[in-house]
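Report on one structure; see the data block that follows.
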Amino acid sequence: MNGKTWQQSYCQLRDKIIESNYTHLNQAQQKAVLHTEGPCLVLAGAGSGKTTMLVNRIGHMIRFGSIYRQNHVPETMTETEYKQLKEWYDLRDDTKTPMPLNLSRLLEYQSVDPSQVLAITFTNKAAREMKERVEQLLKGTCQRMWISTFHAACARMLRSDIHRLGYGSNFVIYDAQDQQVLLKECIKQLNLSDKKYSPRAVSGWIGKMKDSMVSVLESKKQNEKDFYNKQLANIYELYEKKLFQNNALDFDDLILKTLQLFRQHPEVLRYYQEKFRYVLVDEFQDTNKPQYLWVKALAEKHQNLCVVGDDDQSIYGWRGADIENILGFEKDFSETVTIKLEQNYRSTETILNAANQVVSNNRHRKAKKLFTEGLEGEKIAYCQCRNEYAEADFMVQSMQDLHEKGRNYSDFAVLYRTHAQSRVLEEAMMKAGIPYRIYGGTRFYDRKEIKDILAYLKVIENPKDELSLKRIINTPRRGIGDKTVETLEGFAVDQEKNIWEMLTETDQWKHRISSRAANSLSKFVHMLDKWIKEKNAYQVTELVEEVYSVTGYLELLKEEGSIESQGRVENLMEFISLTREFDQTAEEEKLEDFLAGTSLEAAVDSLGEEGSGVLLMTLHSAKGLEFPVVFMPGMEENVFPSSMSLKEGNEEEERRLCYVGLTRAKEQLILSNAISRTLYGFTSYNEPSRFMEEIPSDCVQNAGGNQESDHQQQDAFRKKLQRQRWQRKEMKPMETNSAPKHVGENKTLKTGQKVNHPAFGSGTVVSKVNEVVTIAFPGGGLKKINLDYVKLTVEE
Ligand SMILES: Nc1ncnc2c1ncn2[C@@H]1O[C@H](COP(=O)(O)OP(=O)(O)OP(=O)(O)O)[C@@H](O)[C@H]1O
Ligand SMILES: [Mg+2]
């Protein structure tokens, strides 16, 4: 014996065991993982393992508890237990042998329960990914842990306590489109012109007010003198009033109302402060003022707040995100330990060099070192194209070349400045049969029929929701015209009642509107009233099916028989698969939970996450993600940087966005610009982007070479397509030589296979998830088809 007590040996052994769990992390990351008690700020560049660190840190707390006291021996620990630990350590095969739970408890200072952890990420996708990674690490589920976006966490808090603010706990969440509709109403009601006060601009203005937490009263005071702004403040006031009347919140409200709840009902705040002993925030650079105050309030008691971010990746300044939050953090939390991560593990040296060079042109930034031990890698490919069609062809060609060399299409991501850029590329990819998905594109939930059915459900859940009520009152048509609705609204306003309340008191209106309308209305009210009263007796799927049939919505669409209506029928069927999944997996099959989920799935599109293929998305939504090969088209002035940002003097934010884009790539970057481009119906000629010029020339290789691709080619393609369509019309599937196979019978479709749809004609399968296949139809776009409902034939 060398005179050491077992306690000392225990401490050393414990350090060794802990370290052996984190050999895959560098020293700085380990430090951040182990520093579980007290505020911690991790500031580091792109791809330096911030998110990786956060995931490990959560896993660490759950597995080993908080072991922040370096030389601490748990009070109840005995020598026998130490010996057990030592024995396990000496006998294990390698560092990866998992430690039995009873032993891991011997390492901790205080055990941490999953329900004590709150981890905030920026997008739903990031939250899902983080959850998956933590579950992988812990080899189990972490259901009681809150890993979510700011909005989802706030919505959850409000569901249980918003009644204290006078709202019903079944409040609905209005998305951007609902917001526009409501604003239009406000503008009309105030007799203002919606040309002068466009709902879009007004919503931007109100958003800014809310981001900087200016209340209606304050905004009225601030804008007293300016006529235009004074009206804006009036719209803001009416808008807020209407939201309240509809028992609805917009996205910004989710945070603001939670803050209000904390302020007015400190016991609620105290509850969450107690509950969440550990708070973690990813992408901290993008939090705005209300979000920061929310985090700060929650972490105030325990001070165990760990935030990670990169000031060079702050890209939400336009939504009020404030880099000052990073600087203020050290002031607000005086015990903060600041940790820097300086090694990039994601990208090749060439890519990192280019990105570092570009962002170094920004004046307002904290200087940072970022190095890689990775390979130099391939040069960045760059092509200057004649127009957007040539650019799309260049990209398709590059994808095919790389695919031939062994890359999967799912290795590629195309990151563009705005969604509008995707259309031409989509066409070219469809033509070439390259599978793709759009993230956050035309969203499933934005489609008319889905909005309609959701509106029915929203009204059933919360009849006060006038926006939804008005949406469905005459959908499908039942003879209740706009006039009647306006009259009813008038009655409701006069009597300070909600429209639904008004409607249920039949005597109030029966003799004051035409008897035909009154008749229809009575039926409508009767139908809804039944669902409202009995909603808890239904599963969501049953309810939806009943709404489809009782309202006649589905039947009418089927009868319409147009291609468009068939697409709508398919979407409604797809909606049923969504409700089924909910009914099968939800803890309780409550309609309000289903609705909350759908409102928050803001950025998920119809094609789902599982599909394979090239991923198309905006630069903004690519935050935090990584891909082997990244395409960035539209590297030209007025597109990127966007003309709007230049006008508003936001060049530096655009440059950060460029930095975000470049650093998404692990191995290869392919950039391009178009000399002329038609966007939003206007053709313009633009110089290559200034960011292009900021990339050192020795990192770049010219990949030009498809300059011949021009309008002639495009015309030829269009003509070909037209011919194909004509042929399709004339030729019935039965006339092909081989007997057609019905897919419904074998369901063995593969991606790339050619199939024939009874209405849409021939197309190519681009993805398949269970019974649902996504098919690209030339000229007809992407369609999701449920094999249970539609018979496809395979083209040989
Ligand atoms: N210590 C490490 N050793 C090797 N690879 C690592 C290490 N830490 C992280 N990585 C890998 O580096 C890549 C980038 O990590 P991560 O996404 O955590 O970085 P980040 O700092 O969050 O990036 P961003 O700023 O883009 O959000 C991932 O592929 C991750 O697996
Ligand atoms: Mg990250």
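The values are calculated or read from the model by the stated rules, or taken from the named source; none is laboratory data. Remember, predicted model here, so these are calculated numbers, not experimental data. With ideal geometry, Cβ positions are generated from the backbone for all residues, glycine too; neighbour counts draw on all protein chains shown.
State whether the residues of segment 55-62 include one that is within 25 Å of residue 332 (Cβ to Cβ) and away from ligand 1 (no atom under 16 Å from the Cβ).
yes
Could you tell me whether residue 718 is at pLDDT below 50 and surrounded by 11 or more Cβ atoms within 10 Å (Cβ to Cβ)?
yes
Could you count how many residues in segment 557-568 are modelled with pLDDT of 80 or more and either crowded, with 18+ Cβ neighbours inside 10 Å or closer than 13 Å to residue 457 by Cα (or both)?
1
Quick check on my filter: what residues within segment 263-276 are surrounded by fewer than 22 Cβ atoms within 10 Å (Cβ to Cβ) and either within 15 Å of residue 150 (Cα to Cα) or in contact with a His (Cβ under 9 Å, 6 or more places away or on another chain) (or both)?
272, 273, 274
Looking at segment 383-427 only, could you name the residues that are in contact with a Pro (Cβ under 9 Å, 6 or more places away or on another chain), closer than 12 Å to residue 634 by Cα and not hydrophobic (A, V, I, L, M, F, W, C)?
384, 388, 391, 416, 417, 421
Results for (1) within 16 Å of ligand 2 (Cβ to nearest atom); (2) outside the structural domain of residue 250 (by the TED database); (3) modelled with pLDDT of 85 or more; (4) closer than 25 Å to residue 26 by Cα, shown as yes or no for each residue.
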residue	(1), (2), (3), (4)
52	yes, yes, yes, yes
71	no, yes, no, yes
74	no, yes, no, no
94	no, yes, no, yes
114	no, yes, yes, no
133	yes, yes, yes, yes
146	no, yes, yes, no
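How many residues does segment 189-247 contain that are surrounded by fewer than 17 Cβ atoms within 10 Å (Cβ to Cβ) and not in a helix (DSSP H, G or I)?
14
Among (1) outside any loop (DSSP other than H, G, I, E, B); (2) within 16 Å of ligand 1 (Cβ to nearest atom), where does residue 16 come up short?
(2)
Which of the residues belonging to segment 640-667 are part of a strand (DSSP E or B) and crowded, with 24+ Cβ neighbours inside 10 Å?
Selection gives 665 alone.
Which residue out of 307, 268 is within 16 Å of ligand 1 (Cβ to nearest atom) and either within 22 Å of residue 338 (Cβ to Cβ) or part of a helix (DSSP H, G or I) (or both)?
Of 307, 268, the one residue that is within 16 Å of ligand 1 (Cβ to nearest atom) and either within 22 Å of residue 338 (Cβ to Cβ) or part of a helix (DSSP H, G or I) (or both) is 307.
Scan segment 374-401 for residues that are assigned to a helix (DSSP H, G or I), more than 29 Å from the chain's Cα centre (by Cα) and among the hydrophobic types (A, V, I, L, M, F, W, C) and report the count.
Number satisfying all stated conditions: 2.
Which ones in segment 88-119 are in contact with a Ser or Thr (Cβ under 7 Å, 6 or more places away or on another chain) and either of a type in the set (Val, Ile, Thr) or part of a strand (DSSP E or B) (or both)?
Across segment 88-119, the qualifying residues are 95, 110, 112.
Which ones in segment 651-698 are among the charged types (D, E, K, R) and closer than 14 Å to residue 634 by Cβ?
Scanning segment 651-698 gives 654, 677, 687, 690.
Looking at segment 512-537, which of its residues are buried (at least 17 other Cβ atoms within 10 Å of the Cβ) and outside any helix (DSSP H, G or I)?
Hit for segment 512-537 is 513, nothing else.
One line per residue, one yes/no per condition, for (1) within 31 Å of the chain's Cα centre (by Cα); (2) modelled with pLDDT under 95; (3) closer than 17 Å to residue 477 by Cβ:
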{"site": "511", "(1), (2), (3)": "no, yes, no"}
{"site": "514", "(1), (2), (3)": "no, yes, yes"}
{"site": "517", "(1), (2), (3)": "no, yes, yes"}
{"site": "538", "(1), (2), (3)": "yes, yes, no"}
{"site": "541", "(1), (2), (3)": "yes, yes, no"}
{"site": "545", "(1), (2), (3)": "yes, yes, no"}
{"site": "552", "(1), (2), (3)": "no, yes, yes"}
{"site": "555", "(1), (2), (3)": "no, yes, yes"}
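Only one of (1) more than 27 Å from the chain's Cα centre (by Cα); (2) assigned to a helix (DSSP H, G or I) is not met by residue 477, so which one is it?
Failing condition for residue 477: (2).
Test residue 25 against the stated conditions and say whether it is at pLDDT 90 or above, touching a strand residue (DSSP E or B) at 6+ places or on another chain (Cβ under 6 Å) and within 16 Å of ligand 1 (Cβ to nearest atom).
Taking the combined requirement at face value, the residue does not satisfy it.
Exactly one condition in (1) in contact (Cβ under 8 Å) with a residue 24 or more places away in the chain; (2) closer than 23 Å to residue 106 by Cβ; (3) out of contact with any Ser or Thr (no Cβ under 9 Å at 6 or more places or on another chain) is false for residue 75; which is it?
Residue 75 satisfies every listed condition except (1).
With respect to the numbered conditions (1) surrounded by 18 or more Cβ atoms within 10 Å (Cβ to Cβ); (2) more than 22 Å from residue 463 (Cβ to Cβ), which one is the sole condition not fulfilled by residue 171?
Going through (1) surrounded by 18 or more Cβ atoms within 10 Å (Cβ to Cβ); (2) more than 22 Å from residue 463 (Cβ to Cβ) one by one, residue 171 breaks only (2).
Can residue 125 be described as more than 16 Å from ligand 2 (Cβ to nearest atom) and among the charged types (D, E, K, R)?
Here the answer is no, as residue 125 does not meet what is asked.
Of the conditions (1) out of contact with any strand residue (DSSP E or B) (no Cβ under 7 Å at 6 or more places or on another chain); (2) in contact (Cβ under 8 Å) with a residue 12 or more places away in the chain, residue 347 fails just one. Which one is it?
Evaluating residue 347 over (1) out of contact with any strand residue (DSSP E or B) (no Cβ under 7 Å at 6 or more places or on another chain); (2) in contact (Cβ under 8 Å) with a residue 12 or more places away in the chain leaves (1) as the failure.
Could you list all residues from segment 294-317 that are aliphatic (A, V, I, L, M) and in contact (Cβ under 8 Å) with a residue 60 or more places away in the chain?
Within segment 294-317, 295, 298, 299, 305, 307, 308, 315 qualify.
Within the group 24, 60, 35, which residue is in the same structural domain as residue 127 (by the TED database), closer than 23 Å to residue 345 by Cα, more than 16 Å from ligand 2 (Cβ to nearest atom) and loosely packed, with under 15 Cβ neighbours inside 10 Å?
24
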